[in-house]
1. Excluding C202 itself, what net charge comes from residues whose Cβ is under 11 Å from its Cβ, given Lys and Arg +1 and Asp and Glu -1?
2. In Å and whole numbers, how far do the C-alpha atoms of the chain stretch along each principal axis, longest first?
3. Fewest Cβ neighbours within 10 Å first, please rank L2, L11 accordingly.
4. Does anyone have the angle between helix 87-168 and the longest principal axis of the chain? Alpha-carbon axes, 0 to 90°, nearest 10?
5. Length gain on complete extension for the stretch H99 to D19, per 0.36 nm per residue less the alpha carbon to alpha carbon distance?
6. Between K140 and A113, how high is the FRET efficiency from 1/(1 + (r/R0)^6) when r is the Cβ-Cβ distance and R₀ = 35 Å? Nearest 0.05.
7. For the stretch 82-129, what is Rg from Cα atoms divided by 2.2 N^0.38 Å, rounded to two decimals?
8. Quick one: if the Förster radius is 35 Å, what FRET efficiency do T61 and A92 give, using the C-beta to C-beta distance and rounding to 0.05?
Amino acid sequence: MLNRLKVLYQLQLVDDQLDKLEELRGDLPNMVSSLENSINVLKTEISDKELAQRESVEKRTQNEEEVEKLKESQKKFKAQLYQVRNNKEYDALTKEIDHSDEQISKLEAENNALADSSKSLSEQIEELKPKLEELETELKEREADLREIIKANEKEEAVLQSDRKKIEDQIKKPDVSVYMRIRKAKKGKAVATIRRSACSGCHNIVPSQRQLEIRRNSRIFTCEYCGRILISQEIADEVEAS
């Protein structure tokens, strides 16, 4: 059990150093991620508007072709008016001509609306493109800053990651699972020591009897307030000295 506690604390010390390297990056990772999301949203919006614009052009072309067909039919109907033999035929032809007029008016009105919509879409796209370019420029700058920080610490981080892997391989899987669960819940700190009779993680007082039990190093204890794994200061001093 003593070795289990020591190794858990060793893992925490390495993670502390990795966390410090992560802190050097500041908010850059989140900024890069946020910019990437914003860029993807803008690209999708522009793509959707461009698609709507293409569909508008296609529909207008179809309507124009239909108008031409209707006008050709009208010409034939009007020519036939001079050849009618009775009122019934005349009424039928004029009805067809009137119907064609209605269809032409409807299609032309639709095309006017589509033209207005297409113009509006063009204006919206032109407004979005500079915003996209601005975000892409900012993303490149932030990525460059982040790469520079990562590069400056990559050797140290690689060593720490290697050390971490060696330490983790010495720990039982259930212990690793508990450690990682607490670490995630407590923003990095899964193992705490007892300092001045208090948990170093949450600073709440640890009862004297519990402190004695923890110093025996006979089992894993957790803080009743914050849930962190508690180890004796003796173990902490020994691990840090080594």
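Only the coordinates and a few stated rules stand behind these numbers; no lab work does. This is a predicted model, so every value here is computed, not measured. Note that we place each Cβ from the backbone using ideal geometry, even for glycine, and neighbour counts take in every protein chain shown.
1. On the way: positive: K186, K189, R228; negative: E224.
Combined, the nearby Lys, Arg, Asp and Glu give +2.
2. Computed over the Cα atoms, the extents are 119, 38, 31 Å.
3. On the way: L2 12, L11 23.
Least crowded to most crowded, the residues run L2, L11.
4. For helix 87-168, the angle is close to 20 degrees.
5. On the way: separation 80, 0.36 × 80 = 28.80 nm, distance 7.66 nm.
Stretched fully, the H99-D19 segment lengthens by 21.1 nm.
6. Details: r = 41 Å, r/R0 = 1.16.
Calculated transfer efficiency: 0.30.
7. Values: Rg = 20.1 Å, N = 48, 2.2 N^0.38 = 9.6 Å.
Taking N as the residue count of the stretch 82-129, the ratio is 2.10.
8. Details: r = 31 Å, r/R0 = 0.90.
E between T61 and A92, to the nearest 0.05, is 0.65.
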